[in-house]
Amino acid sequence: MSSSLHVPLESLTGATRRPIASPAPGRAFHIETFGCQMNVHDSEKVSGVLLERGYHPVDDPAAADVIFYNTCSIREKAAQKVFSRLGLHRGPAGHGKIIGVLGCVAQQEGEEIFERAPWVSLVCGSASYRRLPDLLAQIEAGNRRVMGLDTDTDETFETEITRRDNPFRAYLTIIEGCDKACSYCVVPFTRGPERSRASDSILREVGELASFGYSEIQLLGQTVNSYRDPSPRSMTFAGLLLAVADTPGIRRVRFTTSHPRDFGPDIVAAIDAHPSICNHVHLPVQSGSTAVLRRMLRTYTRDEYLEKIAMLRAARRPISLSTDFIVGFPGETGADFADTLSLLDAAQYDQIFSFKFSPRPNTSAEHMDDDISEAEKGIRLAALLDHQREIQLARNHSLLGEAFEVLVDNRGHKPGQWAGRTTSNRVVNFPSPRTDLLGQYVQVRVVQAGPNSLLGELS
Ligand code: SAM
Ligand code: SF4
């Protein structure tokens with residue numbers, strides 16, 4: 001997945017709204033973002049740093065003086081994409097432009113990037129963004145190769161302003177990095193150690209976002225529920241959820257991604273207690289086989305994971321569930337994969353994200369025998385998706401006739417259609433001749449159900 005930032009200037013937000021230097025003529029920037037929501041939000045903050053320095057955003061990379069790629073290295077394919085993008089600026093096409101590589105590929109490849117693409121001027125890893133103003137100042141002073149790659153930090157990336165790319169739903173990182181050590185994962189290496197942001201700073205920003213008209217807040221972290229307030233207030237994650245939900249003007253609070261080990265009953269109690277906390281939990285399982293989970297170093301067994309699901313299913317509000325799977329992990333037998341399929345039946349997810357195992361540098365699984373062929377990985381992935389499709393279809397069918405509050409966040413695929421999400425994160429499309437629905441909350445009754453979305457009518 002990649003996205004470019006197209007951001008209305010009125011969606012600038014920040015701890016301190018200082019006047020922004022008027023854009024210097026000719027100093028235009030373009031950022032393309034690959035990967036997860038955390039990367040999307042990092043790009044919003046990087047844009048804020050550039051705006052503060054007088055740069056202005058452009059949609060067309062050809063019109064930009066500064067082009068940044070905010071990269072993802074979670075799977076090999078994602079990392080390769082970046083080098084093909086960099087190839088576009090080889091020779092005359094890149095003359096006079098500052099090309100920068102940010103994010104996880106920058107952290108992973110480091111100086112190598114200058115070797116492979118000598119026209120790149122800036123390499124800055126995800127754990128070093130707080131150094132970005134300094135790195136930019138060095139480039140502006142004529143330095144042609146600058147690099148920020150520290151991971152030994154206890155600081156988080158907080159900016160004076162953030163250029164948010166959605167006028168009603170705001171991302172907010174509350175915890176950066178990761179202290180887990182899943183054997184397949186590059187994140188602890190690329191994003192550094194876990195560090196949480198102080199609760200008062202988070203709540204101040206939430207209050208500001210509400211005053212600018214944002215009604216939905218999405219709290220982000222690789223293991224968002226491992227949040228530990230570093231301030232004397234020592235707020236728990238559940239306490240923080242409640243405090244964010246209590247902020248006047250905030251109607252929805254989402255959070256992603258939760259780690260099963262740190263998912264306790266207090267989070268379920270918070271969802272039950274406050275209707276503004278969305279009744280959707282993304283709880284990646286990765287495999288249904290305890291043997292595979294052990295080799296993945298996930299720190300829970302299949303049964304322990306299913307106990308968490310039972311706890312969520314016992315909530316007073318119906319909580320919708322989504323998850324991530326990796327298929328074809330080294331040594332995954334047919335029986336292990338059958339355990340994954342049977343977990344789908346037991347957990348009854350509303351959505352899954354599934355990936356073929358991809359060996360990554362610096363991870364312990366890199367040295368395991370990647371013994372499942374690409375063809376077999378493909379077969380397992382298709383079987384998993386087929387099985388889940390049936391489950392989703394049945395679950396969505398059970399919603400026919402029910403009415404839900406939907407936050408309208410897009411135009412539908414068909415003319416005259418709108419699309420939005422329920423608090424349980426289900427996508428609902430519905431027809432309406434109205435032209436002013438973007439960002440509005442409306443009641444929609446479900447009249448048709450497919451595996452991936454619902455069709456409704458305004459009620
Ligand atoms: N922190 C989250 C967690 O603990 O589940 C997810 C982090 S990662 C950005 C998102 C997903 O990518 C993971 O849940 C996993 O399914 C997938 N992933 C990570 N490393 C992978 C690899 N080496 N090969 C295939 N998929 C991978
Ligand atoms: Fe990666 Fe595991 Fe940390 Fe998630 S919890 S970011 S999968 S190491």
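Restrict the check to segment 425-438 and report whether at least one residue is out of contact with any His (no Cβ under 9 Å at 6 or more places or on another chain) and either within 26 Å of THR323 (Cα to Cα) or within 16 Å of ligand 1 (Cβ to nearest atom) (or both). Please lay out each step first, then the result.
Applying the first criterion (out of contact with any His (no Cβ under 9 Å at 6 or more places or on another chain)) to segment 425-438 yields 427-428, 430-438.
Now restrict to residues that are either within 26 Å of THR323 (Cα to Cα) or within 16 Å of ligand 1 (Cβ to nearest atom) (or both): 427-428.
Yes.
Scanning segment 210-220 for residues that are crowded, with 23+ Cβ neighbours inside 10 Å and touching a Gly at 6+ places or on another chain (Cβ under 9 Å) turns up just one, TYR214.
Would you list the helices (runs of 4 or more DSSP H) that sit entirely within segment 56-161 and hold 1 or more residues that are within 19 Å of ALA28 (Cα to Cα) and free of Cβ contacts under 8 Å to residues at least 12 places away in the same chain?
132-140
Being more than 16 Å from ligand 2 (Cβ to nearest atom) and closer than 25 Å to ASN410 by Cα is the filter here; which residues of segment 161-192 pass it?
Taking segment 161-192 as the starting set, the residues that turn out to be more than 16 Å from ligand 2 (Cβ to nearest atom) are 161-172.
Matches in segment 161-192: THR162, ARG163, ARG164, ASP165, ASN166, PRO167, PHE168, ARG169, ALA170, TYR171, LEU172.
Taken together, ARG195, ARG145 contain a single residue that is within 16 Å of ligand 2 (Cβ to nearest atom) and among the charged types (D, E, K, R), which is ARG195.
Any residue in segment 295-313 that is part of a loop (DSSP other than H, G, I, E, B), at pLDDT 95 or above and surrounded by 21 or more Cβ atoms within 10 Å (Cβ to Cβ)?
Our first condition is that a residue be part of a loop (DSSP other than H, G, I, E, B); within segment 295-313, this holds for 297-301.
With at pLDDT 95 or above added as a condition, the list becomes 297-301.
From what's left, surrounded by 21 or more Cβ atoms within 10 Å (Cβ to Cβ): 298.
Yes: segment 295-313 contains one or more residues that are part of a loop (DSSP other than H, G, I, E, B), at pLDDT 95 or above and surrounded by 21 or more Cβ atoms within 10 Å (Cβ to Cβ).
If you filter segment 282-294 down to residues that are of a type in the set (A, V, I, L, M) and in a loop (DSSP other than H, G, I, E, B), you find that the one that is surrounded by the fewest Cβ atoms within 10 Å (Cβ to Cβ) is LEU283. Of all residues in segment 235-258, those that are in contact (Cβ under 8 Å) with a residue 40 or more places away in the chain and more than 21 Å from MET38 (Cα to Cα) have Cβ atoms under 7 Å from Cβ atoms of residues that are away from ligand 1 (no atom under 16 Å from the Cβ) and charged (D, E, K, R), 6 or more apart or on another chain, in ARG251/GLU216. Selection of segment 77-94 for residues being surrounded by 13 or more Cβ atoms within 10 Å (Cβ to Cβ) and within 14 Å of ligand 1 (Cβ to nearest atom) yields ALA78, ALA79.
Residues in segment 260-281 that are of a type in the set (Val, Ile, Thr), assigned to a helix (DSSP H, G or I) and touching a helix residue (DSSP H, G or I) at 6+ places or on another chain (Cβ under 7 Å): ILE267, VAL268.
Quick grid of which residues meet (1) touching a helix residue (DSSP H, G or I) at 6+ places or on another chain (Cβ under 8 Å); (2) in a loop (DSSP other than H, G, I, E, B); (3) aliphatic (A, V, I, L, M); (4) surrounded by fewer than 18 Cβ atoms within 10 Å (Cβ to Cβ):
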residue	(1), (2), (3), (4)
LEU341	yes, no, yes, yes
LEU344	yes, no, yes, no
LEU385	no, no, yes, yes
GLY401	no, yes, no, yes
ASN410	no, no, no, yes
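Listed by position, the helices (runs of 4 or more DSSP H) inside segment 179-259 whose residues that are more than 16 Å from ASP154 (Cα to Cα), of a type in the set (Asp, Glu) and away from ligand 1 (no atom under 16 Å from the Cβ) number at least 3 are 199-211.
Just to verify a result, which residue in segment 341-370, among those that are among the hydroxyl-bearing types (Ser, Thr, Tyr) and within 20 Å of the chain's Cα centre (by Cα), is farthest from ligand 2 (Cβ to nearest atom)? That would be TYR349. In segment 347-365, what residues are exposed (fewer than 14 other Cβ atoms within 10 Å of the Cβ) and outside any loop (DSSP other than H, G, I, E, B)? The answer is PHE353, and nothing else.
The values are calculated or read from the model by the stated rules, or taken from the named source; none is laboratory data. These numbers come from a predicted model, not from an experiment. In this analysis, Cβ positions are derived from the backbone assuming ideal geometry, glycine residues included, and neighbour counts consider all displayed protein chains.
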